[in-house]
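Notes follow the structure.
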Amino acid sequence: MSWWRSVEPAPKDPILGVTEAFLADPSPEKINVGVGAYRDDKGKPVVLECVREAERRIAGNLNMEYLPMGGSVNMVEETLKLAYGENSELIKDKRIAAVQALSGTGACRLFADFQKRFCPDSQIYIPVPTWANHHNIWRDAHVPQKTFHYYHPQSKGLDFAGLVDDIKNAPNGSFFLLHACAHNPTGVDPSEEQWKEISKKIKEKGHFPFFDMAYQGFASGDPERDAKAIRIFLEDGHLLGIAQSYAKNMGLYGQRVGCLSVLCEDEKQAVAVKSQLQMLARPMYSNPPVHGALIVSTILGDPDLKKLWLKEVKGMADRIIGMRTALRENLEKLGSPLSWEHITNQIGMFCYSGMTPEQVDRLTNEFHIYMTRNGRISMAGVTTGNVGYLANAIHEVTK
Ligand code: PMP
């Protein structure tokens with residue numbers, strides 16, 4: 001018997017494929033600016049000191065019992081404070097339904113499934129471009145997708161007019177997926193004024209904003225500042241959802257720790273929504289993993305460790321911001337006639353360089369530089385040691 005005769009190999013993931021090609025290249029000069037994980041200035045993965053210390057503290061006390069279906073209560077509580085504010089009335093009033101999720105991806109997926117179950121005829125509006133997995137997530141949850149304007153290729157900035165038009169033209173009560181900060185892949189975020197306007201327009205239309213916040217603290221170095229967009233929406237009285245992740249800002253990529261929250265009208269509604277989120281999780285993975293959640297709750301529950309984390313997350317953000325400046329300066333020094341201002345205007349892990357797929361192919365084939373063909377450079381892969389080489393290669397293929 002062969003049940004799987006008709007199964008064709010799945011297409012390769014464009015991002016993971018880049019890393020495979022990088023690993024297979026024997027050149028000593030090779031650079032991987034495809035990967036979306038932080039690296040230090042030597043190009044090495046980083047485990048934060050606050051995480052090491054939390055692990056030391058946990059080691060003696062850890063048992064391997066199941067967490068509740070909704071995950072670690074302490075972790076979720078601390079996580080909500082980061083997004084909604086330390087002294088949020090909404091938290092005090094118990095208006096937020098929140099569960100631990102399998103990192104940011106799992107939080108988005110759980111929300112998409114929830115959306116499908118309770119608003120079966122709804123659609124999701126997704127920015128162009130977006131993190132490619134957003135499309136997969138809502139597709140597999142069987143939620144039809146629409147897009148809205150976001151990036152403006154000519155200015156390499158925000159297409160604010162297009163975005164506002166699309167908000168206005170969407171049917172009332174639509175779901176909008178927004179990146180809370182450090183938009184992936186473009187690094188283009190609305191300004192505070194623009195967020196205020198977006199919030200107002202979304203409110204006028206009665207849309208539901210869902211924030212994917214995969215990079216809180218990673219954009220500016222300050223988690224409070226990076227939550228600004230969400231806080232503006234909260235002030236305007238929206239009901240909203242948030243996917244949070246500790247992959248980047250605590251470097252807990254493989255631990256899969258995150259949170260999905262849905263702000264409800266009152267406590268009663270929040271209890272109902274939470275119970276339904278748990279009901280969705282139960283047949284999928286029953287309950288979330290314990291170790292990463294304990295690391296997070298240990299760090300955020302201890303003022304000294306939290307302070308250390310804030311320092312370390314700022315250190316990561318500052319290194320990336322520094323590399324943006326260095327890359328731009330190097331290109332300008334080489335006499336590139338093109339404008340590279342967008343490298344320093346954009347924020348977060350990625351720089352949407354504006355290079356064409358053909359130019360990216362040349363970078364890879366002639367210079368052993370690996371990245372996705374959309375021209376996205378992961379600034380985390382740029383170091384003081386390779387920024388000169390990278391700038392020179394970019395200059396060569398763009399002149
Ligand atoms: N959303 C966005 C926009 C992302 O860039 C990422 C990470 N690449 C995620 C969500 C999810 O990451 P994780 O599941 O590792 O938290």
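Figures for the structure shown
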item	result
Value of relative contact order over segment 161-273, rounded to a whole percent, pairs C-alpha under 8 Å and six or more apart	23
With 5 Å bins from 0: P(r) over segment 11-57, alpha-carbon pairs, percent	5, 16, 20, 20, 13, 10, 10, 5, 1
222 nm mean residue ellipticity, helices alone, for the chain (DSSP H n ≥ 4; -39,500 (n - 2.57); rounded to 500)	-14000 deg cm²/dmol
Acute angle (nearest 10 degrees) that the helix 267-281 long axis makes with the longest principal axis of the chain, alpha-carbon atoms	60
Column: log10 I(q)/I(0), Debye, Cα scatterers of segment 302-399, q = 0.14, 0.18 Å⁻¹	-0.52, -0.79
Under 13 Å from Lys116, Cα to Cα: aspartates and glutamates that are on another chain or at least 8 residues apart	Asp140
Straight-distance crosslink candidates among lysines, where the alpha carbon sits under 23 Å from Lys30 and sequence neighbours closer than 8 are dropped	Lys12, Lys42, Lys44, Lys333, Lys399
Around Gly385: net Lys/Arg minus Asp/Glu count, Cβ-Cβ under 12 Å	0
Whole-number percent relative contact order across segment 336-386, with pairs defined as alpha carbons under 8 Å at least 6 apart	36
5 Å-binned pair-distance histogram of segment 194-325 (Cα, whole percent)	2, 9, 14, 18, 18, 17, 13, 7, 2, 0
Two-decimal ratio, segment 56-206, of alpha-carbon radius of gyration to 2.2 N^0.38 Å	1.22
At 1.567 mPa s and 4 °C, Stokes diffusion of segment 232-306 via Kirkwood alpha-carbon radius, µm² per second	90
Lysines with Cα under 21 Å of Lys228, excluding same-chain neighbours fewer than 8 positions away	Lys81, Lys92, Lys196, Lys200, Lys201, Lys203, Lys248, Lys306, Lys307, Lys311, Lys314
Binned Cα-Cα distance frequencies in the chain - 10 Å width, integer %	5, 22, 31, 26, 13, 3, 0
Relative contact order, percent, segment 1-118 [alpha-carbon distance under 8 Å, six or more residues apart]	13
Projected-area mean, segment 302-356, by convex hull of Cα positions, square nanometres	4.4
For segment 144-227, alpha-carbon Rg over 2.2 N^0.38 Å	1.08
Rounded to 10°, Cα long-axis angle of helix 73-84 versus longest principal axis of the chain	60
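A short reminder: the numbers here are calculations on the coordinates, not readings from a lab. The structure displayed is predicted, hence computed values, not measured ones. A quick note on method: Cβ atoms are made from the backbone with ideal geometry, for glycine too, and the neighbour counts reach across all protein chains shown.
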